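> Questions regarding the structure given below will be posed in turn.
The values are calculated or read from the model by the stated rules, or taken from the named source; none is laboratory data. Source: prediction; values computed, not measured. Glycine gets a Cβ as well: all are built from the backbone with ideal geometry, and neighbour counts include every protein chain shown.
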Amino acid sequence: MTQQEIRHAQSPLYSERVAPPRISDDRSQYADQSRRGHTCVIGAGLAGLAVAKTLRERNSTFTVLEQTSGVGGLWRSAAERVPSPGYAALHLNTSAKVSAFSYFPMPESYPRYPRHDLVADYLGSFSAEFGLNEHVEFETEVVDVARNADSTWNVRTRERTSGQERVRTFRHVVVATGHHWHPKWPEPAIPGAEDFPGEQLHSFDYHSAADHVGKRVVVAGFGNSAADISVDLSRLAKETYLSIRRSLHVTPKTMFGIPIDEIASAGWWARMGFEQQRRFVELVLRVVRGRLTDYGIPEPDHRIFSSPVTISDELLSRISHGDITVRPVIERFDGSEVVFADGSHVEADTVVYCTGYRIVVPFLPDEWYRNPAGQITLYHRVVPPHLPGLYFAGFIRPVGSITRLLEGQAEWIADLVEGSVILPDAAEMTEEIDRHLEGALRRYGPSETDSVQVDFAPYLETLLTERRARAGSSRAG
């Protein structure tokens with residue numbers, strides 16, 4: 001297996017002035033100084049494994065802390081009956097070819113869009129192949145991260161089985177927990193929801209259509225989870241309704257037989273200007289899909305690439321076959337009835353809210369990585385300007401596969417950890433973040449999650465440029 005050169009890049013992010021870091025003044029509890037040269041990687045999902053593999057390759061000393069009993073993150077949890085962003089019907093929306101690490105392809109026996117358990121097996125094989133398991137402490141929950149006056153980090157953990165807590169000191173901390181673990185519910189609550197006699201759950205708690213056989217189910221939302229879950233339910237539920245608050249563009253997983261994520265990462269695509277890309281996709285969608293209004297879905301109030309798209313090969317077909325009925329946003333509940341904005345109403349047994357997630361890192365103060373408006377404020381989506389030695393991996397939402405971007409982030413983080421690349425001063429980093437936020441606001445609006453949107457090729461190129469331009473001795477020490 002030959003290792004390929006990992007290309008990196010960055011993109012302008014969004015940020016605001018970050019409050020001064022919290023300084024721990026109880027030094028007596030931090031007795032374990034053996035870890036002071038270590039890097040702590042929090043999370044053993046896709047992002048955490050990318051960082052761990054790169055650090056091991058650089059001969060860096062590191063420890064990975066993982067709160068579950070195995071590697072794989074949401075892909076592993078999807079097979080288990082535990083609350084999770086994953087569910088039994090979850091498959092990759094990006095192809096196996098570009099979703100795999102560039103230096104460790106998925107098995108040829110895998111389908112183009114593998115199911116969650118195959119992805120989990122792949123990540124387990126990846127971790128074993130590169131000797132990462134020996135660096136992972138499983139069943140270890142991170143409770144708190146505090147910064148010391150000497151710029152080291154105290155990480156307090158709790159062993160999930162025994163409840164025993166421990167505090168260790170690290171030189172660098174990489175947050176690789178992902179951002180799909182804190183469900184966002186409708187706010188304010190829908191009138192009458194408290195008196196609805198049926199079941200109300202978030203997609204985070206949804207596992208399988210087998211739990212809803214013969215029921216009348218309303219799915220609220222129109223992102224990828226809403227599409228997947230409504231399609232899944234339509235096979236076993238008595239009735240499935242898809243309630244749409246804001247319409248989005250619906251794209252198939254392939255165009256002209258080519259996975260759309262492979263198009264997004266292709267050189268010919270990157271050479272097109274943004275408006276050319278937009279016109280190309282709009283034309284193709286009109287030809288292969290037609291108008292969304294033909295399926296009872298309102299046309300989006302924005303052009304494509306001005307918001308995330310909904311990727312599904314089955315949703316429009318299930319609607320066309322009458323297995324899913326489209327309705328507007330839920331206006332209120334009236335007993336067991338769900339009343340929609342157009343005045344129509346249906347009896348329902350269950351409502352599944354596919355209303356997204358908040359980006360929350362529970363063991364860090366919010367002001368370390370977000371501004372008062374809720375937008376994430378990281379230099380090139382990785383570095384908080386005023387907190388040297390703290391990094392975030394995977395806090396992005398790309399158009400295309402995330403894996404190559406994680407490789408780019410991991411290489412840059414490893415550069416910073418070993419001191420081969422410097423960071424600009426905090427003011428320059430903050431200016432970059434502000435530029436990104438302004439661009440995200442113009443393109444997507446003031447959304448927390450849209451502020452982490454990145455375009456595949458430009459982001460990679462930015463990361464690579466950053467690494468090349470700032471080679472030298474590290475400012476972060």
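> Is there a residue being free of Cβ contacts under 8 Å to residues at least 40 places away in the same chain, closer than 30 Å to Asp150 by Cα and not β-branched (Val, Ile, Thr) anywhere in the stretch 457-476?
yes
> Kindly indicate the residue of the stretch 417-454 that is within 30 Å of Arg56 (Cβ to Cβ) and not hydrophobic (A, V, I, L, M, F, W, C) and also nearest to the chain's Cα centre (by Cα) among those meeting that condition.
Checking each candidate, the answer is Glu432.
> Here is a follow-up. Among the residues of the stretch 374-401, which ones are of a type in the set (Val, Ile, Thr), over 12 Å from the mean Cα position of the chain (by Cα) and in a loop (DSSP other than H, G, I, E, B)?
Across the stretch 374-401, the qualifying residue is only Val382.
> Continuing with this model, one more query. Pairs under 8 Å by beta carbon, first residue free of Cβ contacts under 8 Å to residues at least 40 places away in the same chain in the stretch 54-71, partner of a type in the set (S, T, N, Q), six or more apart or different chains?
Thr61/Thr39
> Now a separate question. Show the residue pairs meeting these rules: Cβ distance below 8 Å; 6+ apart or different chains; first residue within the stretch 143-157 and closer than 16 Å to Val417 by Cα and in the same structural domain as Val174 (by TED's automatic domain parsing); second residue in a strand (DSSP E or B) and of a type in the set (A, V, I, L, M, F, W, C).
If the second residue must be in a strand (DSSP E or B) and of a type in the set (A, V, I, L, M, F, W, C), the pairs left are Thr152/Phe170; Trp153/Cys40; Trp153/Val145; Trp153/Ala146; Trp153/Phe170; Trp153/Val173; Trp153/Leu390.
> Of Ile359, Ile376, Ile396, which residue is over 19 Å from Ser306 (Cα atoms) and in contact (Cβ under 8 Å) with a residue 60 or more places away in the chain?
Going through Ile359, Ile376, Ile396 in turn, just one is over 19 Å from Ser306 (Cα atoms) and in contact (Cβ under 8 Å) with a residue 60 or more places away in the chain: Ile359.
> Continuing with the same structure: Could you figure out which of (1) under 30 Å from Asp228 (Cα atoms); (2) over 18 Å from the mean Cα position of the chain (by Cα); (3) modelled with pLDDT of 95 or more; (4) of a type in the set (S, T, N, Q) isn't true of Gln164?
Result: Gln164 fails condition (1) only.
> Taking the conditions exactly as written (outside any loop (DSSP other than H, G, I, E, B) and more than 23 Å from His38 (Cβ to Cβ)), does Arg404 satisfy them or not?
yes
> Moving on. Val143 fails exactly one of the following numbered conditions: (1) modelled with pLDDT of 95 or more; (2) within 23 Å of the chain's Cα centre (by Cα); (3) outside any strand (DSSP E or B). What is the number of that condition?
So the condition that Val143 fails would be (3).
> Given the condition within 26 Å of Asp425 (Cα to Cα), buried (at least 16 other Cβ atoms within 10 Å of the Cβ) and modelled with pLDDT of 95 or more, answer yes or no: does some residue in the stretch 337-360 qualify?
No, the stretch 337-360 contains no residue that is within 26 Å of Asp425 (Cα to Cα), buried (at least 16 other Cβ atoms within 10 Å of the Cβ) and modelled with pLDDT of 95 or more.
> May I ask you to list the residues in the stretch 434-450 that are under 14 Å from Arg381 (Cβ atoms), modelled with pLDDT of 85 or more and touching a helix residue (DSSP H, G or I) at 6+ places or on another chain (Cβ under 9 Å)?
Residues satisfying the conditions are His436, Leu437, Ala440.
> On the basis of being part of a strand (DSSP E or B) and either buried (at least 19 other Cβ atoms within 10 Å of the Cβ) or out of contact with any Ser or Thr (no Cβ under 8 Å at 6 or more places or on another chain) (or both), does Thr157 make the cut?
So Thr157 passes the test.
> Anything in the stretch 272-291 that is surrounded by 10 or more Cβ atoms within 10 Å (Cβ to Cβ) and either touching a residue at least 24 places away in the same chain (Cβ under 8 Å) or not in a helix (DSSP H, G or I) (or both)? List them, or say none.
Of everything in the stretch 272-291, those that are surrounded by 10 or more Cβ atoms within 10 Å (Cβ to Cβ) and either touching a residue at least 24 places away in the same chain (Cβ under 8 Å) or not in a helix (DSSP H, G or I) (or both) turn out to be Met272, Phe274, Gln277, Arg278, Val281, Val284, Leu285, Val288, Arg289, Gly290, Arg291.
> So, one more: Among the residues of the stretch 301-335, which ones are within 30 Å of Phe280 (Cβ to Cβ) and outside any loop (DSSP other than H, G, I, E, B)?
Correct list: Thr310, Ile311, Leu315, Leu316, Ser317, Arg318, Ile319, Ser320, Val326.
> Hey, another quick one. When you go through Arg81, Arg112, Arg76 one by one, which is the residue that is of a type in the set (Lys, Arg), under 25 Å from Asp232 (Cβ atoms) and crowded, with 18+ Cβ neighbours inside 10 Å?
Residue meeting the stated conditions: Arg76.
> Of the conditions (1) surrounded by fewer than 21 Cβ atoms within 10 Å (Cβ to Cβ); (2) at negative phi; (3) modelled with pLDDT of 95 or more, Ile190 satisfies every one except a single condition; which number is it?
The failed condition is (1).
> Residues of the stretch 91-132 being small (Gly, Ala, Ser), within 17 Å of Glu262 (Cα to Cα) and not in a loop (DSSP other than H, G, I, E, B), which ones?
Ala96, Ser99
> For the stretch 118-140, what are the residues that are surrounded by 15 or more Cβ atoms within 10 Å (Cβ to Cβ), without any contact (Cβ under 8 Å) to a residue 40 or more places away in the chain and not hydrophobic (A, V, I, L, M, F, W, C)?
Asp121, Tyr122
> Continuing with the same structure: Output the number of the condition that Met429 fails; it satisfies all remaining conditions of (1) part of a strand (DSSP E or B); (2) touching a Phe, Trp or Tyr at 6+ places or on another chain (Cβ under 7 Å).
Every condition holds for Met429 apart from (1).
> Can you pull out the residues in the stretch 34-69 that are touching a Leu at 6+ places or on another chain (Cβ under 9 Å) and either more than 29 Å from Ser151 (Cβ to Cβ) or of a type in the set (Val, Ile, Thr) (or both)?
Residues satisfying the conditions are Thr39, Val41, Ile42, Val51, Thr61, Val64.
> Please give the number of the condition Asp294 fails out of (1) touching a residue at least 12 places away in the same chain (Cβ under 8 Å); (2) over 23 Å from Tyr459 (Cα atoms).
Failed condition: (1).
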